[in-house]
1. Mind checking the angle between helix 199-212 and the chain's longest principal axis? C-alpha axes, 0 to 90 degrees, to the nearest 10.
2. Please sort 282-288, 46-52 by packing, taking for each peptide the average over its residues of neighbouring beta carbons within 10 angstrom, highest first.
3. Pull up all non-local amide H partners of residue 56: gap of 5 or more, or a different chain, and H-to-H distance under 5 Å with H placed in the peptide plane.
4. With a cut-off of at most 15 other beta carbons within 10 Å, and DSSP calling the residue loop, which trypsin sites (Lys or Arg not before Pro) in the range 220-272 qualify? Please list them.
5. Which value, in Å to one decimal place, does the Kirkwood hydrodynamic radius take for the chain when every pair of different Cα atoms is included?
6. Per-residue counts of other Cβ atoms within 10 Å, averaged by peptide: what ranking do you get for 173-179, 93-99, highest first?
7. Placing unit charges on C-beta atoms (Lys and Arg positive, Asp and Glu negative, everything else neutral), compute the dipole magnitude of the range 1-141 about its Cα centre in debye, rounded to 20.
8. Ranked by accessible surface with a 1.4 Å probe, highest first, in what order do 26, 276 come?
Amino acid sequence: MSKLNQDLSAQIEGDLIALLDDWFSLPEIWDNELDAQIAEWYSNPPKVFPKRDYPYFSPSSLGDCPRELYIKTIHGSKASDKLRQPPHQGRWKKLGTLSGDLIQRELLAIERNYEKATGNMPRFRFLRNEDGTPMFEDFAKTNKLVEMDGERFYLYGAPDGIMEYVTDDGEKIRVGLEVKTKQTTPAQTSLYSMKQPSSSHARQIVAYSHMFDCDYYVILYVNLSKKGWYMSDEDYEKTPDLRAFCCRVTDEHKREVFAKAVEVTRAVREGKPPKLDLDGWTFNNFKQACANDLSEQELEELRNTAEQAKRSSLPRWKVANYVRAVEEIEELREKGVE
């Protein structure tokens, strides 16, 4: 990345955090008209469904196990695990969704009220569709055909936001927004602990960048765990609850990220299932179907992988995950036979 691109990415990051911090420091500004408008938009959102003439992948799935993606493409969502989850996990996921809604609502409120409250024009605003709806969520959901290495597949999904950013020179830059949450400790978004976005989130924005023609994309982390109600300026500077990382997405990034989709698409076309990835087992949503689909030879290879991991220098937690995954696969296969 050139220094110019680095400088612009850093400026976008800093300006977004500065805008949100300044806005949230103001006395609360009520905007019932905006809330009524948002409710009206969501009362009848557009209905965009995935196209089926080629395999499709959501941006968030591009880091998933290839075998899981293969099973999902072949059998559809009906093959997914219908399992209960611990209640705290359900609340955890809901809070993550609500945090994205909060940021979207506040950015819309900033467009309407920030200049009046501060005398300054905000540098960010959501781009709009022809009907006036903002370009986020269902109002921007789309299918984007990708052709790569002789394969065709769709990217299907909805972004957290497609914005316009105004530079110091008045240039208008198209910038994407992806909102993520942290909830366990305030240290997760500290300057010491968080040096860069997670690799899975970086893959997502590469896909969204291609889908919505954004060279620049921001991952905004919202930490719901606070260090305390009272924090010194120094404490807040070291352990902020908002972090932003802006990346300029290149063709090389896209080629790297889309390689797995190409692999799975080819596997589906040829009817040759790819290997199951033990690293992706924990968050695999098609565990029963994947376990049933494995051959005895494949299962033996997975057992060998777990045994080799025990004698390797891998972190103990990863070794434990491998062992647990194989045990769970064996249990699921027995259950599937029953």
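The values are calculated or read from the model by the stated rules, or taken from the named source; none is laboratory data. As the structure is a prediction and not an experimental result, all values here were calculated from the model. Don't worry about glycine lacking a Cβ; one is built from the backbone with ideal geometry, like all the others, and counts go over all protein chains shown. For accessibility, only protein heavy atoms count, side chains too; no ligands or nucleic acids. Shrake-Rupley method; radii C 1.70, N 1.55, O 1.52, S 1.80 Å.
1. Around 70 degrees separate the two axes.
2. Sorting 282-288, 46-52 by mean packing, highest first, produces 282-288, 46-52.
3. 154
4. 226
5. 22.3
6. Ranked by mean Cβ neighbours within 10 Å, highest first: 173-179, 93-99.
7. Dipole size: approximately 960 debye.
8. The ordering from most to least exposed comes out as 26, 276.
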